[in-house]
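Engineer: Have a look at the structure that comes next, please.
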Amino acid sequence: MADTLLLNVVTPVGKIVDAQVVELTAPGLDGEFGILPRHARYMTALGVGELRYRTTDGAEETLAVAGGFAEVSQDQVNVLAQTAEDAAMIDVARAEAALQRAEARLAQPAEGVDVGRASIAVEKSLVRLRVAKARGIKPTYQPIVTTEMPIPGADADGTE
């Protein structure tokens, strides 16, 4: 079809997407790039971010991707990603824990901590959480909420 692109997204785990799309946007190392049907041949390295695409039926989908390459040729886009996850594949609790660990490493880097790697871990976790949130997936944990109960016969400051 002249007004669509065949999008293939493959990771070491297997094929994630095989769909006809009308447009897509992906994170490159030098910033986000967009692809429409009849795009010129193009090849680029992928960064960390959201790969968004719109299918022929108008549905908008988003994947959290990190690393790899994208190749555009003859109305086809092949994405070979190190990781690519749709919202249903994302473990929100795990992404939150990874974010906390990476932020702690950056806040007080110990000797031997790879700051660049910790920065990428923060970025990956934030993208995963953004993709999950956009699809309405809530965190799996429930924070404990405490409320202070007034003591009968006590004033507002707690004295009698």
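The values are calculated or read from the model by the stated rules, or taken from the named source; none is laboratory data. Just so it is clear, the model here is predicted, and its values are computed rather than measured. Cβ coordinates were reconstructed from backbone atoms using ideal geometry, including for glycine residues, and neighbour counts include every protein chain displayed.
Engineer: Could you please let me know if Glu23 is surrounded by 16 or more Cβ atoms within 10 Å (Cβ to Cβ), out of contact with any strand residue (DSSP E or B) (no Cβ under 6 Å at 6 or more places or on another chain) and not hydrophobic (A, V, I, L, M, F, W, C)?
Structural biologist: No, not satisfied.
Engineer: Could you tell me which numbered condition Thr62 fails, if it satisfies all but one of (1) at pLDDT 95 or above; (2) within 21 Å of Ala121 (Cα to Cα); (3) among the β-branched types (Val, Ile, Thr)?
Structural biologist: Only one criterion is unmet by Thr62, namely (1).
Engineer: A follow-up question, please. Could you please find all residues in the range 76-118 being outside any helix (DSSP H, G or I) and touching a helix residue (DSSP H, G or I) at 6+ places or on another chain (Cβ under 6 Å)?
Structural biologist: Ile90, Pro109, Val113
Engineer: Need the failing condition index for Arg54 against (1) surrounded by 18 or more Cβ atoms within 10 Å (Cβ to Cβ); (2) assigned to a strand (DSSP E or B); (3) not hydroxyl-bearing (Ser, Thr, Tyr), just the number.
Structural biologist: Going through the list (1) surrounded by 18 or more Cβ atoms within 10 Å (Cβ to Cβ); (2) assigned to a strand (DSSP E or B); (3) not hydroxyl-bearing (Ser, Thr, Tyr), Arg54 breaks only (1).
Engineer: Residues to consider are Leu7, Leu51, Leu46; find the one that is modelled with pLDDT of 95 or more and more than 21 Å from Arg130 (Cα to Cα).
Structural biologist: Leu7
Engineer: Can I ask one more? List the pairs whose first member sits in the range 91-119 and is under 22 Å from Lys133 (Cα atoms), whose second member is hydroxyl-bearing (Ser, Thr, Tyr), and whose Cβ atoms are under 6 Å apart, counting only residues at least 6 apart or on separate chains?
Structural biologist: Val92/Thr140; Ala93/Thr140; Ala93/Tyr141; Ala95/Ser125; Ala98/Ser125; Leu99/Ser125
Engineer: I'd like the full set of residues that are under 15 Å from the mean Cα position of the chain (by Cα) and assigned to a strand (DSSP E or B), limited to the range 32-50.
Structural biologist: Result: Glu32, Leu46, Val48, Gly49, Glu50.
Engineer: Let me ask another. Looking only at residues in the range 57-88 that are in contact (Cβ under 8 Å) with a residue 40 or more places away in the chain, more than 19 Å from Glu23 (Cβ to Cβ) and among the hydrophobic types (A, V, I, L, M, F, W, C), which one is surrounded by the most Cβ atoms within 10 Å (Cβ to Cβ)?
Structural biologist: Once the filter is applied, the top-ranked residue is Ala66.
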